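Only one structure is covered here, and it is reproduced in the block below.
Bear in mind these aren't lab numbers, they're just calculated from the coordinates by the rules spelled out. Just so it is clear, the structure is predicted and the values come from calculations on it, not from any experiment. Cβ placement follows ideal geometry from the backbone for every residue including glycine, while neighbour counts extend to all protein chains displayed.
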């Protein structure tokens with residue numbers, strides 16, 4: 001069994017009650033104190049390669065200019081598949097917020113602090129829950145890759161398309177259909193060329209259409225056909 005660490009709710013309270021972290025410039029997670037608020041989960045079939053992931057994170061952070069928005073987007077696209085490959089855990093474990101809070105606060109806090117400005121509600125990038133896949137940064141990368149990678153070939157081509165457009169990944173991971181794989185892949189494959197405003201318009205109309213169709217009965221190709229029809233109507237308006 002591979003040990004998976006999970007931050008307890010009391011650890012989350014420690015962060016929320018901290019006077020400076022993460023909002024104050026130069027502040028850092030109270031790692032020593034948080035270490036007392038962690039439990040170990042024994043998980044069959046899990047494999048976490050922190051050495052490879054840390055090396056990949058270090059290389060990516062040094063390569064991309066995180067002062068530029070496009071470069072931050074490129075960083076996400078680069079890291080998402082690596083995060084998914086290095087943190088190989090069952091989805092039932094990935095659904096536990098404390099698992100990701102442990103990764104962000106005790107394993108990779110430097111990545112979050114460098115990737116996100118303190119003006120970006122940075123606390124949720126550390127503490128975000130699974131109710132919103134957009135929030136916790138490591139969970140955001142993992143789930144985006146998990147839901148869009150090709151299960152047959154193992155490639156992450158569609159994952160890169162999802163993360164290469166911030167409006168696209170933000171809307172999808174905050175949508176009501178975010179955990180449905182055919183919708184995730186169809187959404188990314190069909191809309192990756194669209195502009196930000198059109199992505200929002202198409203996505204809203206698609207979401208509204210779910211009141212008349214059962215999404216779970218549709219495969220990826222059908223989702224893409226539906227999105228293509230909506231896109232045509234948006235372009236005609």
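Give the shape of segment 1-70 as rounded, prolate or oblate, defined through the alpha-carbon gyration tensor: a ≥ b ≥ c are the square roots of its eigenvalues, a/c under 1.5 means rounded, and otherwise the shape is prolate if a/b is larger than b/c and oblate if not. Cα axes put segment 1-70 in the oblate bin. The mean of 1/r over all distinct Cα pairs in segment 71-181, once inverted, gives the Kirkwood hydrodynamic radius of 13.9 Å.
Each 5 Å bin from zero up to the one holding the largest Cα-Cα distance in the chain carries the following percent of pairs: 1, 6, 14, 18, 18, 16, 12, 8, 5, 2, 0, 0.
Sorted ascending by nearby beta carbons within 10 Å, beginning with the fewest, 157, 187, 163, 64 become 157, 64, 163, 187.
Potential lengthening of the chain between residue 40 and residue 152 amounts to 37.1 nm, from the contour at 0.36 nm per residue minus the alpha-carbon distance.
Tell me, what is a quarter of the convex hull surface for the C-alpha atoms of segment 140-237, in nm² with one decimal?
Mean projected area of the Cα convex hull: 5.8 nm².
Among 225, 85, 190, the largest mean-square fluctuation in a Gaussian network model of the chain, built with springs joining Cα atoms closer than 10 Å, belongs to 225. Mean residue ellipticity at 222 nm, helices only, the chain: -16500 deg cm²/dmol; runs of at least 4 DSSP H residues each add -39,500 (n - 2.57), and the sum is divided by the number of residues.
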